[in-house]
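Written below as C-alpha coordinates is the structure these notes are about.
The values are calculated or read from the model by the stated rules, or taken from the named source; none is laboratory data. Model, not experiment: these values are computed from the prediction. Counting neighbours? That spans all protein chains shown, and the Cβs are built from the backbone with ideal geometry, glycine included.
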Ligand SMILES: [Zn+2]
(Lines give C-alpha, C1' and ligand atoms only; values in the text may rest on other atoms or scores of the structure.)
Protein backbone atom coordinates (compact mmCIF):
# COMPACT_ATOMS: atom_id res chain seq x y z
CA UNK A 1 0.00 0.00 0.00
CA UNK A 2 3.03 2.21 -0.06
CA UNK A 3 2.72 5.18 -2.31
CA UNK A 4 4.66 5.37 -5.51
CA UNK A 5 5.16 9.02 -4.83
CA UNK A 6 8.35 8.57 -2.91
CA UNK A 7 10.11 6.51 -5.52
CA UNK A 8 9.35 8.92 -8.33
CA UNK A 9 9.85 12.18 -6.54
CA UNK A 10 13.06 13.72 -5.33
CA UNK A 11 13.72 14.20 -1.69
CA UNK A 12 13.32 17.52 0.00
CA UNK A 13 17.09 17.96 -0.02
CA UNK A 14 17.42 17.23 -3.72
CA UNK A 15 14.63 19.62 -4.50
CA UNK A 16 16.18 22.40 -2.52
CA UNK A 17 19.41 22.09 -4.51
CA UNK A 18 17.90 22.62 -7.91
CA UNK A 19 14.74 24.59 -7.50
CA UNK A 20 14.11 28.31 -7.59
CA UNK A 21 13.07 29.86 -4.32
CA UNK A 22 9.37 30.06 -3.72
CA UNK A 23 9.60 32.77 -1.08
CA UNK A 24 9.14 36.13 -2.73
CA UNK A 25 11.97 38.52 -2.15
CA UNK A 26 14.75 35.99 -2.61
CA UNK A 27 16.30 37.00 -5.88
CA UNK A 28 18.91 35.17 -7.94
CA UNK A 29 18.69 37.22 -11.08
CA UNK A 30 21.92 37.96 -13.00
CA UNK A 31 20.30 39.27 -16.15
CA UNK A 32 21.73 42.79 -15.87
CA UNK A 33 25.42 41.84 -16.00
CA UNK A 34 26.04 42.00 -19.74
CA UNK A 35 24.41 45.39 -20.11
CA UNK A 36 27.39 47.12 -18.43
CA UNK A 37 29.36 46.96 -21.67
CA UNK A 38 27.80 50.15 -23.03
CA UNK A 39 27.87 51.99 -19.74
CA UNK A 40 28.30 55.79 -20.20
CA UNK A 41 30.78 55.95 -17.31
CA UNK A 42 33.63 55.25 -19.76
CA UNK A 43 35.98 52.46 -20.90
CA UNK A 44 37.67 52.07 -17.50
CA UNK A 45 34.35 51.37 -15.84
CA UNK A 46 33.42 49.06 -18.70
CA UNK A 47 36.63 47.10 -18.24
CA UNK A 48 36.02 46.84 -14.52
CA UNK A 49 32.49 45.65 -15.17
CA UNK A 50 33.74 43.09 -17.64
CA UNK A 51 36.12 41.65 -15.04
CA UNK A 52 33.35 41.55 -12.48
CA UNK A 53 31.06 39.92 -15.00
CA UNK A 54 33.58 37.21 -15.69
CA UNK A 55 34.09 36.70 -11.98
CA UNK A 56 30.38 36.40 -11.42
CA UNK A 57 30.05 33.96 -14.29
CA UNK A 58 32.79 31.84 -12.72
CA UNK A 59 30.99 31.97 -9.38
CA UNK A 60 27.55 31.35 -10.88
CA UNK A 61 27.69 27.54 -10.56
CA UNK A 62 28.47 27.95 -6.87
CA UNK A 63 25.37 30.10 -6.41
CA UNK A 64 23.24 27.57 -8.26
CA UNK A 65 24.57 24.67 -6.25
CA UNK A 66 24.00 26.49 -2.98
CA UNK A 67 20.81 25.17 -1.37
CA UNK A 68 17.97 27.57 -2.04
CA UNK A 69 15.92 29.08 0.71
CA UNK A 70 13.47 26.33 1.52
CA UNK A 71 10.80 27.08 4.07
CA UNK A 72 12.34 27.08 7.51
CA UNK A 73 11.33 24.35 9.94
CA UNK A 74 9.88 26.31 12.83
CA UNK A 75 6.56 27.55 14.18
CA UNK A 76 5.66 30.56 12.08
CA UNK A 77 3.48 33.17 13.72
CA UNK A 78 0.04 33.88 12.27
CA UNK A 79 1.25 37.06 10.60
CA UNK A 80 4.17 35.19 9.05
CA UNK A 81 1.82 32.58 7.65
CA UNK A 82 -0.29 35.28 6.06
CA UNK A 83 2.80 36.84 4.48
CA UNK A 84 4.03 33.47 3.27
CA UNK A 85 0.71 32.59 1.63
CA UNK A 86 0.48 36.02 0.01
CA UNK A 87 4.03 35.74 -1.29
CA UNK A 88 3.36 32.32 -2.74
CA UNK A 89 0.21 33.62 -4.41
CA UNK A 90 1.98 36.69 -5.80
CA UNK A 91 4.98 34.72 -7.06
CA UNK A 92 2.92 31.92 -8.60
CA UNK A 93 -0.32 33.47 -9.86
CA UNK A 94 -0.75 30.71 -12.45
CA UNK A 95 -1.16 28.00 -9.80
CA UNK A 96 -1.78 29.73 -6.46
CA UNK A 97 -4.44 31.98 -5.01
CA UNK A 98 -4.97 33.14 -1.43
CA UNK A 99 -8.34 33.97 0.07
CA UNK A 100 -9.95 34.28 3.49
CA UNK A 101 -12.99 32.28 4.63
CA UNK A 102 -13.71 34.67 7.50
CA UNK A 103 -12.30 35.88 10.78
CA UNK A 104 -11.60 34.39 14.18
CA UNK A 105 -13.28 35.76 17.31
CA UNK A 106 -10.37 38.20 17.77
CA UNK A 107 -10.62 39.24 14.14
CA UNK A 108 -7.75 37.34 12.60
CA UNK A 109 -8.34 36.28 9.01
CA UNK A 110 -8.62 32.56 8.29
CA UNK A 111 -6.41 32.35 5.23
CA UNK A 112 -6.64 29.60 2.64
CA UNK A 113 -4.18 28.98 -0.16
CA UNK A 114 -5.52 27.12 -3.17
CA UNK A 115 -3.17 25.32 -5.55
CA UNK A 116 -4.43 24.31 -8.98
CA UNK A 117 -4.06 25.05 -12.66
CA UNK A 118 -7.23 27.08 -12.15
CA UNK A 119 -6.60 28.56 -8.71
CA UNK A 120 -9.37 31.16 -8.77
CA UNK A 121 -12.28 29.15 -10.14
CA UNK A 122 -13.70 25.68 -10.10
CA UNK A 123 -13.27 23.75 -13.36
CA UNK A 124 -15.81 21.15 -14.44
CA UNK A 125 -14.46 17.70 -13.66
CA UNK A 126 -11.70 18.90 -11.34
CA UNK A 127 -12.46 17.78 -7.76
CA UNK A 128 -12.08 20.18 -4.84
CA UNK A 129 -9.90 18.93 -1.97
CA UNK A 130 -9.04 20.56 1.35
CA UNK A 131 -6.68 20.25 4.29
CA UNK A 132 -7.38 22.01 7.59
CA UNK A 133 -4.96 22.27 10.51
CA UNK A 134 -4.66 23.81 13.97
CA UNK A 135 -8.37 23.64 14.81
CA UNK A 136 -7.16 23.10 18.36
CA UNK A 137 -4.78 25.99 18.84
CA UNK A 138 -2.17 24.03 20.80
CA UNK A 139 -1.99 21.14 18.28
CA UNK A 140 0.50 22.72 16.00
CA UNK A 141 2.34 20.20 13.85
CA UNK A 142 -0.40 20.38 11.19
CA UNK A 143 0.41 24.06 10.58
CA UNK A 144 4.01 23.16 9.87
CA UNK A 145 3.13 20.19 7.67
CA UNK A 146 0.70 22.14 5.51
CA UNK A 147 3.15 24.99 4.95
CA UNK A 148 5.85 22.48 4.00
CA UNK A 149 3.33 20.78 1.70
CA UNK A 150 2.64 24.08 -0.06
CA UNK A 151 6.37 24.70 -0.39
CA UNK A 152 6.92 21.22 -1.76
CA UNK A 153 4.05 21.30 -4.26
CA UNK A 154 4.96 24.72 -5.60
CA UNK A 155 8.64 23.88 -5.91
CA UNK A 156 7.81 20.55 -7.56
CA UNK A 157 5.51 22.22 -10.05
CA UNK A 158 8.10 24.86 -10.90
CA UNK A 159 10.61 22.06 -11.55
CA UNK A 160 8.05 20.21 -13.66
CA UNK A 161 8.22 17.19 -11.39
CA UNK A 162 5.54 14.73 -12.50
CA UNK A 163 4.20 14.05 -9.00
CA UNK A 164 3.35 17.71 -8.47
CA UNK A 165 2.33 18.58 -12.03
CA UNK A 166 -0.11 15.67 -12.22
CA UNK A 167 -1.61 16.53 -8.86
CA UNK A 168 -2.17 20.21 -9.65
CA UNK A 169 -3.37 19.43 -13.19
CA UNK A 170 -6.07 17.12 -11.87
CA UNK A 171 -7.05 18.57 -8.50
CA UNK A 172 -7.90 21.87 -6.82
CA UNK A 173 -6.24 21.79 -3.40
CA UNK A 174 -7.35 24.20 -0.67
CA UNK A 175 -5.13 24.53 2.39
CA UNK A 176 -6.17 26.25 5.65
CA UNK A 177 -3.03 26.11 7.87
CA UNK A 178 -4.79 27.46 10.95
CA UNK A 179 -8.48 27.33 11.78
CA UNK A 180 -7.85 28.68 15.29
CA UNK A 181 -5.20 31.41 15.14
CA UNK A 182 -6.40 32.92 18.44
CA UNK A 183 -5.87 29.60 20.20
CA UNK A 184 -2.39 29.31 18.71
CA UNK A 185 -1.47 32.72 20.10
CA UNK A 186 -2.50 31.53 23.57
CA UNK A 187 -1.05 28.02 23.29
CA UNK A 188 1.29 26.48 25.79
CA UNK A 189 4.05 24.31 24.44
CA UNK A 190 3.31 21.31 26.64
CA UNK A 191 2.93 17.95 24.92
CA UNK A 192 -0.38 17.01 26.53
CA UNK A 193 -1.97 19.99 28.27
CA UNK A 194 -4.79 21.92 26.66
CA UNK A 195 -3.80 25.59 27.03
CA UNK A 196 -4.76 27.19 23.72
CA UNK A 197 -6.97 24.32 22.62
CA UNK A 198 -10.13 26.45 22.53
CA UNK A 199 -11.00 29.58 20.62
CA UNK A 200 -11.05 32.98 22.29
CA UNK A 201 -14.53 32.30 23.71
CA UNK A 202 -13.29 29.14 25.39
CA UNK A 203 -15.17 26.90 22.97
CA UNK A 204 -13.86 23.66 21.54
CA UNK A 205 -14.37 24.15 17.80
CA UNK A 206 -14.51 20.40 17.22
CA UNK A 207 -17.63 20.24 19.40
CA UNK A 208 -19.36 23.28 17.96
CA UNK A 209 -20.70 22.05 14.60
CA UNK A 210 -24.34 21.07 14.16
CA UNK A 211 -24.69 17.38 14.95
CA UNK A 212 -26.70 15.02 12.79
CA UNK A 213 -27.35 12.75 15.74
CA UNK A 214 -28.63 15.46 18.02
CA UNK A 215 -32.21 14.69 17.04
CA UNK A 216 -34.94 16.94 15.77
CA UNK A 217 -35.32 18.93 18.94
CA UNK A 218 -31.65 19.71 19.32
CA UNK A 219 -31.16 20.26 15.61
CA UNK A 220 -33.90 22.84 15.85
CA UNK A 221 -31.78 24.74 18.35
CA UNK A 222 -29.00 25.28 15.87
CA UNK A 223 -29.08 28.80 14.69
CA UNK A 224 -26.10 29.69 12.65
CA UNK A 225 -25.53 32.99 14.36
CA UNK A 226 -24.88 31.18 17.63
CA UNK A 227 -22.06 29.07 16.21
CA UNK A 228 -18.53 30.25 16.85
CA UNK A 229 -17.02 32.58 14.25
CA UNK A 230 -14.47 30.00 13.13
CA UNK A 231 -17.16 27.33 12.73
CA UNK A 232 -19.42 29.70 10.80
CA UNK A 233 -16.51 30.44 8.51
CA UNK A 234 -16.00 26.76 7.74
CA UNK A 235 -19.73 26.18 7.21
CA UNK A 236 -19.76 29.07 4.76
CA UNK A 237 -16.68 27.64 3.06
CA UNK A 238 -18.46 24.33 2.57
CA UNK A 239 -21.33 26.18 0.90
CA UNK A 240 -19.04 28.03 -1.45
CA UNK A 241 -17.24 24.97 -2.83
CA UNK A 242 -18.32 21.39 -3.43
CA UNK A 243 -15.53 19.67 -1.54
CA UNK A 244 -15.13 15.97 -2.25
CA UNK A 245 -12.43 14.91 0.19
CA UNK A 246 -10.84 16.52 3.22
CA UNK A 247 -8.63 15.92 6.23
CA UNK A 248 -8.39 17.78 9.52
CA UNK A 249 -4.96 17.64 11.19
CA UNK A 250 -4.72 17.34 14.98
CA UNK A 251 -2.11 16.21 17.51
CA UNK A 252 -1.78 14.30 20.76
CA UNK A 253 -2.12 10.85 19.19
CA UNK A 254 -1.01 8.99 16.08
CA UNK A 255 -4.04 7.62 14.27
CA UNK A 256 -6.35 8.29 11.34
CA UNK A 257 -9.90 8.56 12.67
CA UNK A 258 -12.97 8.44 10.43
CA UNK A 259 -16.74 9.07 10.84
CA UNK A 260 -18.97 8.79 12.57
CA UNK A 261 -17.83 10.44 15.79
CA UNK A 262 -21.33 10.24 17.20
CA UNK A 263 -24.34 7.93 17.25
CA UNK A 264 -27.85 7.81 18.60
CA UNK A 265 -27.81 4.09 19.14
CA UNK A 266 -29.47 3.27 15.85
CA UNK A 267 -28.52 0.94 13.03
CA UNK A 268 -25.28 2.84 12.48
CA UNK A 269 -23.86 1.08 15.55
CA UNK A 270 -21.95 -2.02 14.52
CA UNK A 271 -19.66 -3.78 16.95
CA UNK A 272 -18.98 -0.73 19.03
CA UNK A 273 -18.37 1.47 16.01
CA UNK A 274 -20.71 4.01 14.45
CA UNK A 275 -20.35 3.25 10.77
CA UNK A 276 -21.36 5.30 7.76
CA UNK A 277 -22.82 3.88 4.55
CA UNK A 278 -19.40 4.59 3.03
CA UNK A 279 -17.45 2.77 5.71
CA UNK A 280 -15.38 0.77 3.21
CA UNK A 281 -14.22 3.99 1.59
CA UNK A 282 -13.44 5.63 4.93
CA UNK A 283 -11.41 2.63 6.09
CA UNK A 284 -9.48 2.76 2.83
CA UNK A 285 -8.85 6.50 3.16
CA UNK A 286 -7.61 6.14 6.72
CA UNK A 287 -5.30 3.29 5.73
CA UNK A 288 -3.90 5.26 2.83
CA UNK A 289 -2.70 7.80 5.36
CA UNK A 290 -1.51 5.40 8.03
CA UNK A 291 0.38 3.11 5.64
CA UNK A 292 2.03 5.96 3.77
CA UNK A 293 3.04 7.49 7.10
CA UNK A 294 6.39 6.54 8.54
CA UNK A 295 4.99 4.84 11.64
CA UNK A 296 1.25 5.43 12.09
CA UNK A 297 0.32 2.04 10.61
CA UNK A 298 2.14 0.27 13.46
CA UNK A 299 -0.64 1.49 15.73
CA UNK A 300 1.20 1.84 19.02
CA UNK A 301 3.63 4.61 18.36
CA UNK A 302 2.63 6.90 21.23
CA UNK A 303 3.33 4.22 23.82
CA UNK A 304 0.46 5.39 25.97
CA UNK A 305 -1.24 2.02 26.22
CA UNK A 306 -3.59 2.69 23.33
CA UNK A 307 -3.15 0.66 20.19
CA UNK A 308 -4.96 1.03 16.89
CA UNK A 309 -5.04 -1.77 14.35
CA UNK A 310 -3.43 -0.47 11.17
CA UNK A 311 -3.15 2.94 12.82
CA UNK A 312 -6.80 3.75 12.12
CA UNK A 313 -10.02 3.94 14.13
CA UNK A 314 -13.68 4.69 13.83
CA UNK A 315 -14.13 7.96 15.70
CA UNK A 316 -17.03 6.78 17.84
CA UNK A 317 -15.26 3.56 18.69
CA UNK A 318 -12.33 5.56 20.03
CA UNK A 319 -14.57 7.95 21.95
CA UNK A 320 -17.87 9.58 21.12
CA UNK A 321 -18.15 13.28 20.55
CA UNK A 322 -20.93 15.61 19.51
CA UNK A 323 -20.60 18.49 17.07
CA UNK A 324 -17.42 17.31 15.35
CA UNK A 325 -16.28 18.71 12.03
CA UNK A 326 -15.79 15.43 10.18
CA UNK A 327 -19.37 14.28 10.76
CA UNK A 328 -20.61 17.68 9.63
CA UNK A 329 -18.55 17.54 6.44
CA UNK A 330 -19.84 14.09 5.60
CA UNK A 331 -23.49 14.40 6.59
CA UNK A 332 -24.25 17.96 5.53
CA UNK A 333 -21.71 18.73 2.83
CA UNK A 334 -21.22 15.29 1.21
CA UNK A 335 -17.48 15.74 1.72
CA UNK A 336 -15.66 12.72 3.11
CA UNK A 337 -13.40 14.01 5.89
CA UNK A 338 -10.91 12.12 8.02
CA UNK A 339 -9.33 13.39 11.26
CA UNK A 340 -5.58 12.86 11.26
CA UNK A 341 -3.78 12.78 14.60
CA UNK A 342 -0.25 13.39 13.38
CA UNK A 343 1.93 13.62 16.49
CA UNK A 344 1.99 12.11 19.96
CA UNK A 345 3.13 15.46 21.32
CA UNK A 346 0.75 18.31 20.63
CA UNK A 347 3.60 20.84 20.43
CA UNK A 348 6.68 18.94 19.27
CA UNK A 349 10.11 20.53 19.85
CA UNK A 350 11.29 22.52 16.85
CA UNK A 351 14.27 20.25 16.17
CA UNK A 352 11.91 17.34 15.52
CA UNK A 353 10.02 19.11 12.75
CA UNK A 354 12.16 17.98 9.77
CA UNK A 355 11.81 14.32 10.77
CA UNK A 356 8.07 14.70 11.39
CA UNK A 357 7.66 16.25 7.95
CA UNK A 358 9.52 13.33 6.40
CA UNK A 359 7.21 10.90 8.23
CA UNK A 360 4.08 12.64 6.93
CA UNK A 361 5.02 13.84 3.44
CA UNK A 362 4.15 10.75 1.42
CA UNK A 363 0.94 10.26 3.38
CA UNK A 364 -0.22 13.83 2.76
CA UNK A 365 0.34 13.45 -0.99
CA UNK A 366 -1.16 9.96 -1.27
CA UNK A 367 -4.26 11.09 0.63
CA UNK A 368 -4.90 13.95 -1.80
CA UNK A 369 -4.80 11.52 -4.72
CA UNK A 370 -7.71 9.58 -3.23
CA UNK A 371 -9.98 12.40 -4.34
CA UNK A 372 -9.86 10.57 -7.68
CA UNK A 373 -11.57 7.45 -6.38
CA UNK A 374 -14.95 6.46 -7.79
CA UNK A 375 -17.12 8.25 -10.31
CA UNK A 376 -17.70 11.84 -11.32
CA UNK A 377 -19.77 13.60 -13.93
CA UNK A 378 -22.86 15.67 -14.53
CA UNK A 379 -26.59 15.13 -14.70
CA UNK A 380 -28.41 16.62 -17.69
CA UNK A 381 -32.15 17.13 -18.10
CA UNK A 382 -34.12 16.21 -21.22
CA UNK A 383 -32.97 19.45 -22.89
CA UNK A 384 -29.33 18.66 -22.29
CA UNK A 385 -28.99 21.28 -19.58
CA UNK A 386 -27.00 20.36 -16.44
CA UNK A 387 -29.27 20.39 -13.39
CA UNK A 388 -28.65 21.27 -9.76
CA UNK A 389 -30.09 19.23 -6.88
CA UNK A 390 -30.58 16.03 -8.82
CA UNK A 391 -30.33 13.18 -6.31
CA UNK A 392 -27.54 10.73 -7.15
CA UNK A 393 -27.83 7.62 -5.00
CA UNK A 394 -25.68 4.51 -4.92
CA UNK A 395 -27.53 1.31 -4.10
CA UNK A 396 -26.81 0.15 -0.56
CA UNK A 397 -25.53 3.55 0.57
CA UNK A 398 -28.31 5.52 2.20
CA UNK A 399 -26.73 8.74 3.31
CA UNK A 400 -28.47 10.74 6.01
CA UNK A 401 -28.45 13.68 3.63
CA UNK A 402 -28.76 12.53 0.04
CA UNK A 403 -25.92 13.38 -2.28
CA UNK A 404 -27.05 15.90 -4.89
CA UNK A 405 -25.60 17.64 -7.90
CA UNK A 406 -24.14 21.09 -7.32
CA UNK A 407 -24.75 24.34 -9.16
CA UNK A 408 -22.76 23.05 -12.12
CA UNK A 409 -24.87 19.88 -12.29
CA UNK A 410 -21.86 17.92 -11.08
CA UNK A 411 -21.63 14.99 -8.74
CA UNK A 412 -18.58 13.25 -7.27
CA UNK A 413 -18.87 9.88 -5.61
CA UNK A 414 -15.84 8.33 -3.91
CA UNK A 415 -16.04 4.54 -4.33
CA UNK A 416 -13.61 1.65 -4.27
CA UNK A 417 -13.28 -0.38 -7.49
CA UNK A 418 -16.33 -2.57 -8.21
CA UNK A 419 -19.83 -2.62 -9.70
CA UNK A 420 -22.31 -0.08 -8.40
CA UNK A 421 -25.92 0.67 -9.27
CA UNK A 422 -26.74 4.36 -9.44
CA UNK A 423 -30.21 5.86 -9.22
CA UNK A 424 -30.70 9.43 -10.37
CA UNK A 425 -33.91 11.33 -9.63
CA UNK A 426 -35.02 14.77 -10.68
CA UNK A 427 -38.48 16.35 -10.79
CA UNK A 428 -40.40 15.86 -14.02
CA UNK A 429 -38.02 13.17 -15.25
CA UNK A 430 -37.98 9.41 -15.25
CA UNK A 431 -35.94 7.71 -12.60
CA UNK A 432 -32.67 6.71 -14.18
CA UNK A 433 -30.92 3.55 -13.02
CA UNK A 434 -27.51 2.53 -14.36
CA UNK A 435 -24.84 0.09 -13.25
CA UNK A 436 -21.24 1.19 -13.60
CA UNK A 437 -17.99 -0.74 -13.40
CA UNK A 438 -15.73 1.53 -11.37
CA UNK A 439 -11.94 1.23 -11.79
CA UNK A 440 -9.23 2.54 -9.45
CA UNK A 441 -8.94 6.23 -10.21
CA UNK A 442 -6.00 7.57 -8.17
CA UNK A 443 -3.39 5.89 -10.38
CA UNK A 444 -4.79 7.81 -13.36
CA UNK A 445 -5.45 11.02 -11.43
CA UNK A 446 -9.10 10.81 -12.43
CA UNK A 447 -12.25 9.14 -11.25
CA UNK A 448 -14.37 7.35 -13.84
CA UNK A 449 -16.18 10.03 -15.81
CA UNK A 450 -19.86 9.32 -16.40
CA UNK A 451 -22.71 11.72 -17.20
CA UNK A 452 -26.34 10.83 -16.56
CA UNK A 453 -28.83 11.85 -19.25
CA UNK A 454 -32.39 12.13 -17.96
CA UNK A 455 -35.58 11.61 -19.97
CA UNK A 456 -38.74 13.55 -19.37
CA UNK A 457 -41.46 11.66 -17.52
CA UNK A 458 -44.38 10.65 -19.75
CA UNK A 459 -46.85 11.25 -16.96
CA UNK A 460 -46.97 11.59 -13.20
CA UNK A 461 -47.09 7.82 -12.66
CA UNK A 462 -43.45 7.50 -13.70
CA UNK A 463 -42.39 10.57 -11.85
CA UNK A 464 -40.71 9.43 -8.67
CA UNK A 465 -39.90 11.98 -6.04
CA UNK A 466 -37.91 11.04 -2.98
CA UNK A 467 -39.98 11.55 0.11
CA UNK A 468 -37.82 14.30 1.47
CA UNK A 469 -37.37 16.03 -1.84
CA UNK A 470 -37.25 19.77 -1.76
CA UNK A 471 -36.26 22.06 -4.61
CA UNK A 472 -33.47 23.40 -2.43
CA UNK A 473 -30.95 21.12 -0.76
CA UNK A 474 -31.84 21.66 2.84
CA UNK A 475 -29.25 19.35 4.34
CA UNK A 476 -26.40 21.36 2.95
CA UNK A 477 -27.74 24.79 3.53
CA UNK A 478 -30.16 24.91 6.43
CA UNK A 479 -29.26 24.13 9.98
CA UNK A 480 -32.19 25.26 12.04
CA UNK A 481 -35.16 23.46 10.58
CA UNK A 482 -36.48 20.14 11.80
CA UNK A 483 -36.77 17.00 9.80
CA UNK A 484 -35.25 18.23 6.57
CA UNK A 485 -32.44 15.78 6.45
CA UNK A 486 -32.27 12.81 4.16
CA UNK A 487 -33.97 9.61 3.20
CA UNK A 488 -32.96 7.78 6.34
CA UNK A 489 -35.33 8.35 9.24
CA UNK A 490 -34.22 11.46 11.03
CA UNK A 491 -32.09 10.43 14.00
CA UNK A 492 -33.58 10.90 17.41
CA UNK A 493 -31.46 11.55 20.44
CA UNK A 494 -32.03 8.72 22.88
CA UNK A 495 -29.97 9.80 25.82
CA UNK A 496 -27.64 6.87 25.33
CA UNK A 497 -24.85 9.37 25.09
CA UNK A 498 -24.79 10.22 28.78
CA UNK A 499 -22.29 7.51 29.58
CA UNK A 500 -20.51 8.18 26.34
CA UNK A 501 -20.31 11.82 27.27
CA UNK A 502 -18.53 10.87 30.48
CA UNK A 503 -16.11 8.75 28.50
CA UNK A 504 -15.62 11.59 26.07
CA UNK A 505 -14.84 13.90 28.95
CA UNK A 506 -12.21 11.49 30.18
CA UNK A 507 -10.71 11.35 26.73
CA UNK A 508 -11.10 15.09 26.32
CA UNK A 509 -7.48 16.04 26.69
CA UNK A 510 -6.03 13.40 24.49
CA UNK A 511 -7.07 14.23 20.95
ZN1 LIG B 1 -7.37 18.08 18.45
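Quick test of your reading of the structure: residue 188 fulfils all but one of (1) out of contact with any helix residue (DSSP H, G or I) (no Cβ under 6 Å at 6 or more places or on another chain); (2) surrounded by fewer than 22 Cβ atoms within 10 Å (Cβ to Cβ); (3) farther than 27 Å from residue 229 by Cα. Name the failing condition by number.
Only one criterion is unmet by residue 188, namely (3).
Of the numbered conditions (1) buried (at least 22 other Cβ atoms within 10 Å of the Cβ); (2) more than 13 Å from the ligand (Cβ to nearest atom); (3) without any contact (Cβ under 8 Å) to a residue 60 or more places away in the chain, residue 177 satisfies every one except a single condition; which is it?
(3)
If you check every pair at least six apart or on different chains, which have Cβ atoms under 8 Å apart with a residue in the stretch 398-410 that is free of Cβ contacts under 8 Å to residues at least 40 places away in the same chain and on the phi < 0 side of the Ramachandran plot first and a residue that is surrounded by fewer than 20 Cβ atoms within 10 Å (Cβ to Cβ) and not in a loop (DSSP other than H, G, I, E, B) second?
Short answer, once both residue conditions are applied: 405/386.
Could you check the stretch 407-417 and list, in sequence order, the residues that are surrounded by fewer than 20 Cβ atoms within 10 Å (Cβ to Cβ) and out of contact with any helix residue (DSSP H, G or I) (no Cβ under 7 Å at 6 or more places or on another chain)?
407, 408, 417, listed by residue number.
Taking residue 355 and the conditions (1) within 16 Å of the ligand (Cβ to nearest atom); (2) assigned to a helix (DSSP H, G or I); (3) within 22 Å of residue 138 (Cβ to Cβ), which numbered condition does it fall short on, given that it satisfies the others?
That leaves (1) as the condition not met.
Taking into account only those residues within the stretch 128-144 that are assigned to a strand (DSSP E or B) and more than 13 Å from the ligand (Cβ to nearest atom), which is farthest from residue 184 (Cα to Cα)? So that I can check it myself, show each step before the final result.
Taking the stretch 128-144 first, the residues assigned to a strand (DSSP E or B) are 128-133.
Subsequent filtering for residues that are more than 13 Å from the ligand (Cβ to nearest atom) retains 128-131.
Working: 128: 27, 129: 24, 130: 21, 131: 18 Å.
So the residue we want is 128.
Determine if the stretch 166-173 includes at least one residue that is under 27 Å from residue 138 (Cα atoms) and touching a residue at least 60 places away in the same chain (Cβ under 8 Å). Outline the logic, then answer.
Step one: filter the stretch 166-173 for residues under 27 Å from residue 138 (Cα atoms), giving 173.
Within this subset, residues satisfying the condition of being touching a residue at least 60 places away in the same chain (Cβ under 8 Å) are 173.
For the stretch 166-173, residues under 27 Å from residue 138 (Cα atoms) and touching a residue at least 60 places away in the same chain (Cβ under 8 Å): present.
Residue 253 versus (1) within 16 Å of the ligand (Cβ to nearest atom); (2) modelled with pLDDT under 95: which is the lone unmet condition?
Among (1) within 16 Å of the ligand (Cβ to nearest atom); (2) modelled with pLDDT under 95, the lone unmet condition for residue 253 is (2).
Give the residue, chosen from 317, 326, that is within 15 Å of the ligand (Cβ to nearest atom) and touching a residue at least 24 places away in the same chain (Cβ under 8 Å). Quick ask: steps written out before the conclusion?
Details: 317 fails: within 15 Å of the ligand (Cβ to nearest atom).
On inspection, the qualifying residue turns out to be 326.
Report, by residue number, each residue of the stretch 196-207 that is at negative phi and more than 13 Å from the ligand (Cβ to nearest atom).
Restricting attention to the stretch 196-207, the residues satisfying the condition of being at negative phi are 197-201, 203-207.
Across the stretch 196-207, the qualifying residues are 200, 201, 203.
Among (1) crowded, with 24+ Cβ neighbours inside 10 Å; (2) closer than 19 Å to residue 137 by Cα; (3) more than 16 Å from the ligand (Cβ to nearest atom), there is one condition residue 343 misses while meeting the rest; what is its number?
The single condition residue 343 does not satisfy is (3).
Can you go through 364, 336 and tell me which one is closer than 29 Å to residue 304 by Cβ, touching a strand residue (DSSP E or B) at 6+ places or on another chain (Cβ under 6 Å), at pLDDT 95 or above and away from the ligand (no atom under 16 Å from the Cβ)? Before you say what the answer is, go through the steps one by one.
Details: 364 fails: touching a strand residue (DSSP E or B) at 6+ places or on another chain (Cβ under 6 Å).
Just a single option satisfies the conditions, and that option is 336.
(1) more than 15 Å from the ligand (Cβ to nearest atom); (2) touching a residue at least 40 places away in the same chain (Cβ under 8 Å); (3) surrounded by fewer than 23 Cβ atoms within 10 Å (Cβ to Cβ): which one isn't true of residue 147, the others all being true?
(3)
Need pairs with beta-carbon distance below 6 Å; first residue closer than 21 Å to residue 413 by Cβ and within the stretch 235-256, second away from the ligand (no atom under 13 Å from the Cβ) and assigned to a loop (DSSP other than H, G, I, E, B); sequence gap 6+ or separate chains.
242/406; 243/335; 244/127; 246/335
Filter the stretch 97-113 for residues that are surrounded by 24 or more Cβ atoms within 10 Å (Cβ to Cβ) and farther than 19 Å from residue 187 by Cβ and give the result.
Taking the stretch 97-113 and keeping what is surrounded by 24 or more Cβ atoms within 10 Å (Cβ to Cβ), we get 104, 113.
Across the stretch 97-113, the qualifying residue is only 113.
Can you pull out every residue in the stretch 226-245 that is within 16 Å of the ligand (Cβ to nearest atom) and crowded, with 24+ Cβ neighbours inside 10 Å? If you could, list the steps in order and put the result at the bottom.
Restricting attention to the stretch 226-245, the residues satisfying the condition of being within 16 Å of the ligand (Cβ to nearest atom) are 228, 230-231, 234.
Scanning the stretch 226-245 gives 230, 231, 234.
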